[in-house]
Amino acid sequence: MRDQCRGALIGLAIGDALGAAVEFKPPGSFEPVTGYRNGGPHRLAAGEWTDDTSMALALADSLARVGWDLNDQTDRYLQWWTQGKYSVNQRCFDIGGTTQTALTQFLATGDARTSGDRSEQASGNGSIMRLAPVPIRFGHLYPDRLADFAELAEESSLPTHASEQCLSACRYLATVVAALIRGEERDVVLSPDWKSLKQLQEIKPLHPLIEEIAQGSFREKQVPDIRGSGWVVKSLEAALWAFHDSSSFEEAVLKAVNLGDDADTTGAVCGQLAGACWGESHIPESLRSNLARMDLLEQALGGIVNHEI
Ligand code: MG
Ligand code: MG
């Protein structure tokens, strides 16, 4: 399970770093990504990662240091935004609009529970992209205390992304990742008949658009209906599309980032799933050893892995 936990966070960062070079490019408009490359909108070096990983590191640090405290989580997102802490190059170079508005609100009120925009128009993928630390640190609550576990996943979204779509997406994705970490089969977990999906629904119905994904929308669609956009619904669907029938971590993550558009984030979401499924040991060595600032990832993993597994 340690291998799957490590895989979920390292996978997130690898997907982010692979996609960073083609972020915002329309699908089909670039030479397909086969490994790390320089460039992209933030002019990063090969193997460097973006806000997705920075926010995941901030969240992991909070869980390790204080347990569950939404204000502390948000305070660390602020440290990233204002001081470049948790960043690959000590600068915050790519904060999303919804996140920035929410952190500004948090600065004014000090209340992370109400800082995120609840409107449906504010349904970006900024909270699913950073989610892995929750199933890594609190996956022991799954499956016996699924209601408590799903509640934490949902709460982790509140500080920046409080719409029903985002909350539901976090409940579903965290549960899938927790199950994969604990060795449940991919095909079972992604099936509409999955026992834990039924339980999730009984606890609180998922938003209909997230429910549609959980029912397998990603199996029937192809590009261009599959889009790696910044909308949480399309982003989650695209990550599952890339993951569900791939035969390896690398195949899944490359498929995700080659959708272009919000490529780093589709890659980060897919990387959490694929890393949890196959584990760190099945990630190609070249992707692991050329990932930037592995020391920051190791530090984060040291604080959240092996707690009560
Ligand atoms: Mg990013
Ligand atoms: Mg992105």
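The values are calculated or read from the model by the stated rules, or taken from the named source; none is laboratory data. Computed from a predicted structure; not experimentally measured. All Cβ positions, glycine included, derive from the backbone under ideal geometry; neighbour counts span all protein chains shown. Note: areas computed on protein heavy atoms with side chains; ligands, DNA, RNA excluded. Shrake-Rupley method; radii C 1.70, N 1.55, O 1.52, S 1.80 Å.
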Compute the distance from the alpha-carbon center of the stretch 212-239 to that of the stretch 152-169, in whole Å. 19
Could you list, bin by bin from short to long, the percent of Cα-Cα pairs of the chain in 10 Å steps? 7, 32, 40, 19, 2
On alpha carbon coordinates alone, what is the Rg over Rh value for the stretch 215-298, Rh being the Kirkwood radius? 0.99
Pairs of Cα atoms under 8 Å, at least six residues apart: use those to get the relative contact order of the chain, whole percent. 32
Portion, in percent, of the accessible area of the chain that falls on carbon or sulfur, probe 1.4 Å: 47
Which value, in debye to the nearest 20, gives the size of the charge dipole of the stretch 31-106 about its Cα centre, when Lys and Arg are +1 and Asp and Glu are -1 at the Cβ? 200
Pairs LYS85/LYS195; LYS25/LYS204; LYS198/LYS221; LYS25/LYS221: which exceed 31 Å Cα-Cα? LYS85/LYS195; LYS25/LYS204
Under 8 Å for C-alpha pairs, at least 6 residues apart: give me the relative contact order for the stretch 245-289, rounded to a whole percent. 43
Taking amide hydrogens as modeled 1.01 Å from N in the peptide plane, which residues meet the under 5 Å criterion relative to ASP117, leaving out close sequence neighbours? ALA162
Report the calculated FRET efficiency for GLU185 and MET294 (r = Cβ-Cβ distance, R0 = 30 Å), to the nearest 0.05. 0.50
Using only Cα atoms, what Kirkwood radius does the stretch 157-309 have, in angstroms? 16.1
May I ask you to derive the relative contact order of the stretch 51-206, considering only C-alpha pairs under 8 Å and at least 6 residues apart, and to give it as an integer percent? 21
Which listed residue (ALA169, SER54, SER115) has the Cα farthest towards the positive end of the charge dipole for the chain, taking +1 on Lys and Arg C-beta and -1 on Asp and Glu C-beta about the Cα centre? SER54
In whole angstrom, the spacing between the Cα centers of the stretch 270-295 and the stretch 1-21 equals 5
Placing unit charges on C-beta atoms (Lys and Arg positive, Asp and Glu negative, everything else neutral), compute the dipole magnitude of the chain about its Cα centre in debye, rounded to 20. 340
Placing +1 at every Lys and Arg Cβ and -1 at every Asp and Glu Cβ, with all other atoms neutral, what dipole size does the stretch 195-309 have around its Cα centre, in debye to the nearest 20? 240
